[in-house]
Structure formats: structure tokens, C-alpha cells
1. Just one of the numbered conditions (1) over 30 Å from Gln385 (Cβ atoms); (2) open to solvent by less than 10 Å² (accessible area, probe 1.4 Å); (3) over 21 Å from the mean Cα position of the chain (by Cα) is not true of Leu267; which one?
2. Give the stretch 66-120 a look and list any residue that's under 23 Å from Arg320 (Cβ atoms), out of contact with any Lys or Arg (no Cβ under 6 Å at 6 or more places or on another chain) and hydroxyl-bearing (Ser, Thr, Tyr), or say none.
3. Output the residues belonging to the stretch 79-92 that are more than 17 Å from Leu215 (Cβ to Cβ) and in contact (Cβ under 8 Å) with a residue 24 or more places away in the chain.
4. Taking Arg320 as the residue in question, decide whether it is basic (Lys, Arg), open to solvent by less than 50 Å² (accessible area, probe 1.4 Å) and under 25 Å from Val60 (Cβ atoms).
5. If Gly129 meets every condition in (1) in a helix (DSSP H, G or I); (2) open to solvent by less than 20 Å² (accessible area, probe 1.4 Å) apart from one, which number is that one?
6. With Ala110, Ala94 as the choices, which residue is open to solvent by less than 30 Å² (accessible area, probe 1.4 Å), part of a helix (DSSP H, G or I) and either more than 14 Å from Met61 (Cβ to Cβ) or acidic (Asp, Glu) (or both)?
7. When the stretch 185-224 is examined, which residues are found to be outside any helix (DSSP H, G or I) and open to solvent by less than 70 Å² (accessible area, probe 1.4 Å)?
8. When you scan the stretch 302-314, do you find a residue that is part of a helix (DSSP H, G or I) and surrounded by fewer than 24 Cβ atoms within 10 Å (Cβ to Cβ), even just one?
Amino acid sequence: MVQQQKNDFSQGSIAKNILSLAIPLTVAQLTVVLYNVVDRAFIGHIDSIGRDAFTGIGLVMPATYIVTAFANLCGTGGAPLFSITRGRGDDKRASRIMGVSFTLLLLLGALLTIGFYLFQTPFLYLVGGSDETVVHARNYLQIYLIGVIPVMISLGMNPFINAQGFGKVGMMTTLLGAVINLILDPVFIFALHMGVQGAALATVIAQTCSAIWVLVFLTGKKAVLRLEKESLGLDFPILKRICGLGLTGFTFSVTNSLVQALGNAQLQAYGAATGSGDLYVAAMTAIVSIREIVVQPVRGLTQGAQPVMGFNYGAGKYSRVRESIRFITLACLGYNVVIWLLLIAFPRVFILLFNDDPALLEVGVSTMRTYFAAYAMMSFQFIGQNTFVALGRAKNAVFFSLFRKVILVVPLMLVLPRLWGLGAYGIFASEPISDIIGGGACFITMMCTVYRDMKRSDKEA
């Protein structure tokens, strides 16, 4: 009972409640990104094959996004539902939600591992590979697939730790793996001369350690609600709600995979005439890697606000939901404006993190400024979508995820390269256009529906 009161988000400062989860969550998510980004940075600096190997890792990214998508289906679907149910005081059902989410994770992880093993080579060519780069991509992917289930447990169950108010424990989940990965990467890649395969092995070992940490905590005495045998199995009404709400996180990652794959394929096609297809794919790989790093504080803040908003919504504290929306809007927008200025002013510094090839630097600097031209608008997409998720409005969240990536980005990637002689640069230009239209539409809709509804409900209460 004392622990329950300690993690009651209907009391105390909204900013403090959100930041107590968001700061550790941001650190945790940054370290998750480091699993992949550090691999790419080390791989990009391997003598003689660095650029081709780095481009090959860019081909693996759509596969990792798909794995993340299915982890998000369970984690971002189950955890907000878990928070709302816990806010209503129904701990038994909340525990069952967590158990069903874990069971689903295991089943999906097994299916993904088998599927990618069977179709890895055609998949890598489909997403823009060439004979020079697919060999490196395949060497990485074959080992990475060993760790798919641990990756999914780490990503998919950690939200249940954060949803119970243990932000620091959730942060340790990924810090543990990141430290192990950072130590093992140079040892395996350079000291043991394992190259790309060494990077993949380091990631698998690190993610396995993170998964063990998550399971030890969720089954231990410190958790408010524990993961127990009685809660495991599939309950189809609960499963339906988890999948419905989790479609937002799932759609976000799947559409990222789709856009990355299409972008690579288009860049390979438009660069083929000049023999620069692999070069453009390498530039896109570097840019997307940079985006993964800089976006994490916004993602951490908005996801850290989810348990707070969900709990207060379940408890009928509607004015605190509105206050949460105002706080994350100001904080996210302020951060993104600063980052946008840095990205536009110093693109060369960021590209050098991954490779110092003169041709890549030349292309990377110009394409990076195009890609991030309207980056500040990305805040509004995250604020709107995560608010919809926190309050259980899955349809709205899924729609705007699809709207930005599928309805806007995909057609733009296909059409813009054919206009005004833009060529490959039209593919990079599709991102800022979708940031402006998609981000603005998502935020305005959220303010005109959720924010307004919370105000009306507060008056009625």
C-alpha cells in the first residue's frame, strides 16, 4: 500500500511527476539507440571496407525497425492500458494485461526470427542492397537474429517498469546493455578482427543482459505489480485492446521501416546512373542515425508523460491531463528548436561521427540540411500521438502515424525526384514537407479534441 501511494500520479507537481519518469526514460532510450548507432560508428571506421560495411548496416535498419515495431505493439499497447487500469484501482486486471503482453512478445519474437532467417537475402536486396553491400548486411543480420527475443523483451517489457513509477530502474535496463555493448564492440570488431559480425554479437550479448534485468525486476519483490505465472497466456479481449492501442507504436516503427526501405531503394535507383547509389544510401544511413539520437529527448518526455496522463485520466483528474499537455508542448518545442539550429549549422560534425570519406561528407552535408529543414515541427507529431495513446484513443494515434509516413512521405518519395530535376534530393526533401503537414495536423487535431474534451469533462466534474 505504501508503494502504491508513492507512485500515485494524481498527487504532486505535474512537471515533477513527468520529469521523474521522462529523464530516466530519455537516458534509457538514448542508450537503446546507442546499441545500433555505436555499431554503425565503429563499422564505418573499419579500414578499407568502412563505407560499404556502413551502407550494409543501413540495409539492416528496416529489419530492426520491424522487430522494434512488434515490441512496441506489446509495450506501448499494454503499458498505457496497464496505467489506466491501475489508476482505476483494478490491480488484478492490470497484472493480467502485463502477462498477456509478455506472452504475445514471446510468440511474435519466435515468428520474426524464423521469418527473417528464411528470407534475409531477398529482403536485403529489396530494401536497396547491392552486391557489394548485401554481404556485409547479411553477416550482421544472421547474428542479430539470435537476439530477437531478448531485444523484444527488453524493449517491450521495460514500459511496464516505467508505468509503475520506477523510471530509474527502467533507465538501468538500457544503461546495463549500453555499457556492455560499448565495451564489447571495439573488442570484437577490432581486437578480435570479427568486423561486422563482432558488432552484431556485441549487440546480442548486451540486449540479452538487458532482458534478464527486466525479468528479474518484474518478477521480484520491489515491483508494485509482478509478472507471475498466473497472469501469462492469451486473453483475447485483453489482447484485442493491447493490439488496438499498441498499433500506434507498431505503426510508427513499421512505417519507419517502410520509408527507410523505400528511401534506400529509390536512392539506389536514382544514383545508379552516376554510380553513386551506395553513396546516397550511406548518407541516408548517417542522417537517420543522427535523427535517432536527437529525437530521443522528445520521445522520452512524451512517453514519460503517458503514465502520468493515463493515471490521471483513469482517476478522473482531467485538469491534470490538460496541464500535462501544456508542459510537454513547451518543453518539446523548446528543445527541438535548439537541436534544429545545431543540425543546420554543423552538419559536417555529425556526419564525421560515422565516416570521414570525402565523397560521403560532401553529399551528407547538403542532404542533411534538406532532410532536417523543418525538424522543429516534429515535436507536434510526438506530442499529439503520445497524448492519444496515453488516453486510450488508439484510432487517432494510428491514423496520424499512417498519415505522416504512408499518406505523405511515400508518395512524396516517389514523386519529388521526378520534379524540377531534384533526383535523389527529392527523396530527402520529402521529410520536411511531411514534418510540417503531418506534425501540424496531428497536434491541431489533438488540441481540438482531447484537450477540449478534458476541459469540458473537468467542468462537469
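The values are calculated or read from the model by the stated rules, or taken from the named source; none is laboratory data. Everything quoted here is computed from the prediction, not taken from an experiment. All Cβ positions, glycine included, derive from the backbone under ideal geometry; neighbour counts span all protein chains shown. Keep in mind that these areas ignore ligands, DNA and RNA; they rest on the heavy atoms of the full protein, side chains included. Shrake-Rupley method; radii C 1.70, N 1.55, O 1.52, S 1.80 Å.
1. The one condition Leu267 does not meet is (1).
2. Answer for the stretch 66-120, where residues must be under 23 Å from Arg320 (Cβ atoms), out of contact with any Lys or Arg (no Cβ under 6 Å at 6 or more places or on another chain) and hydroxyl-bearing (Ser, Thr, Tyr): Thr76, Ser83.
3. Matches in the stretch 79-92: Pro80, Leu81, Ser83, Ile84, Thr85, Arg86, Gly87, Arg88, Asp91.
4. Values: basic (Lys, Arg): yes; open to solvent by less than 50 Å² (accessible area, probe 1.4 Å): yes; under 25 Å from Val60 (Cβ atoms): no.
So Arg320 fails the test.
5. Looking at each condition in turn, Gly129 falls short on (1).
6. Ala94
7. Met194, Gly220, Ala223, Val224
8. The initial filter retains those residues of the stretch 302-314 that are part of a helix (DSSP H, G or I), namely 302-314.
Okay, now just the ones that are also surrounded by fewer than 24 Cβ atoms within 10 Å (Cβ to Cβ), so 314.
The answer is yes, given that some residue of the stretch 302-314 is part of a helix (DSSP H, G or I) and surrounded by fewer than 24 Cβ atoms within 10 Å (Cβ to Cβ).
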